[in-house]
1. Beta carbons within 10 angstrom, averaged per residue: use that to sort the peptides 400-411, 243-254, 55-66, 442-453, highest first.
2. Are any of the pairs K59/K296; K171/K276; K296/K464; K171/K296 more than 26 Å apart by Cα-Cα distance, and if so, which?
3. Could you rank the peptides 183-196, 357-370 by their average count of other C-beta atoms within 10 Å per residue, with the highest value first?
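Please treat every number below as a calculation from the coordinates, not as lab data. Here the structure is a predicted model, which is why all the values come from computation and not from measurement. Reconstructed Cβ throughout: ideal geometry from the backbone, glycine too, with neighbour counts over all protein chains shown.
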Amino acid sequence: MKYMKRITFLIACALCLLSCNNETDISGPETDSEEGRITLKLTDATVLTYSTADADECKINYLWVLEFNGEALVNDTLIYGDQILGNGAATQLLPQLPFKPANGNRIVLIANSDAMTFPHPNRSLIQYSNINTYFPLLSTAYFQWHYLPMYGEIASWPGSYSCEMTRAVAKIQVQLGENFSDVTGTFKAENVFWGIFGTGNGGYIQPRLPLQGISNTSYSSIMLTDISLLQNKDPSYMNLIYIHEYPSSNTTAVSGDPSVPENVFAINRQCIVLEKREGGDLLNYRLDFYDPVTRKFIDTKRNHHYIFTINRINSEGYSIYFGGHDEAINNPGSNIEYTIEIRDGSNHVTSNGQYAVVSSVDSAYVAAPTIIDDTVCTARYQLPAEMTTLYSGNSNSITLTDVTPDYSITLVSPAAIWNPSCGCYESPLTAISVPIVVRTTASFQSARIRMHVGNIIHYVVVKKK
């Protein structure tokens with residue numbers, strides 16, 4: 001009997017849902033005559049308070065491994081989570097496959113799909129072009145305790161043993177800012193809840209270009225989720241949910257709605273609604289997926305992290321009537337100030353409506369074997385067309401915070417200059433991307449680079465490799 005080579009899969013964590021380590025080695029491991037290894041790149045499991053990633057975002061409940069010859073499905077298997085050694089940890093090892101992929105064939109890996117029966121009931125109909133039909137992603141919201149759907153593929157076996165697994169959902173987080181202020185005196189984490197409206201009925205497991213989504217047959221103002229802002233005060237939780245990607249920049253949730261311009265407010269467009277509950281009163285605030293610098297509404301895309309930070313409440317929210325959220329939905333938010341940070345693995349943006357801070361990464365690793373200088377990222381501020389320079393009174397500084405242990409890291413570049421307004425030396429950002437260089441000692445473990453421009457605070461996490 002002909003001996004079948006043993007095929008094993010090694011899952012290693014490297015890429016974050018919205019955090020990317022630029023120094024990740026994406027080359028395939030060495031192989032010998034008895035085995036080939038595939039490295040699936042996922043999120044590094046780390047503490048919630050320091051990263052957008054956590055171990056739950058790495059967990060796999062079901063993993064489909066599909067082999068295609070052109071359009072035709074030639075082999076498939078379903079691997080269960082309890083068969084994965086170290087599931088959710090930094091390194092995960094899968095069991096031996098029951099088949100050997102043929103050279104040149106495409107390997108598709110689908111984790112945590114809604115399809116969970118093997119053999120697949122529609123196996124004879126599955127082709128590469130209709131994966132989204134037979135491996136549906138119809139759930140509109142995922143919570144932290146659920147398994148996140150992921151997708152990855154190797155275009156030509158075994159041209160690479162490295163496969164990047166991309167989460168098919170966007171990560172949404174709402175939090176209060178460091179210097180949050182409230183003129184009403186009643187907007188408190190313990191009495192404010194939030195949810196998402198206008199997301200449509202679902203998305204797709206496999207990436208599609210242009211971006212698509214499954215629309216509702218009719219718009220409903222039913223809140224998908226009901227999450228308390230108080231959760232972001234508890235280190236055991238992240239105040240977030242995950243939703244499927246959706247082309248919310250020019251599409252509303254209602255099926256048949258005409259395409260709406262990306263710079264025009266639309267009632268049925270995807271948004272977040274905050275609900276303040278105090279006594280018998282319910283007051284709402286609307287937060288849009290909107291970039292005030294470009295003045296355009298934005299899509300929610302897979303593997304992106306959207307962080308809404310509430311900085312100031314200027315007045316009471318919209319009142320609720322008939323048991324719905326109609327008044328808040330029908331009006332753009334004007335009584336609340338907030339910023340949106342978007343992390344996508346390439347550029348990480350925090351915007352406040354006038355300008356933005358942009359960094360090339362939101363986390364980076366340094367070697368720190370001894371005293372050494374490392375370029376961890378590039379960063380700049382971004383202005384709208386009508387602004388040629390920041391207002392002279394605005395803060396503009398780069399500092400280090402949360403340094404562990406103390407004095408184990410210093411900022412080398414950009415160089416500090418004298419700022420007469422504060423009577424101190426500061427390292428400022430410019431409108432052109434500049435490298436941010438740090439000097440670390442051998443004892444260095446972690447820190448955050450804090451960029452403060454106007455009322456924007458933007459962080460880049462730095463850790464020892």
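1. Order by mean packing, descending: 243-254, 55-66, 442-453, 400-411.
2. K59/K296; K296/K464
3. 357-370, 183-196
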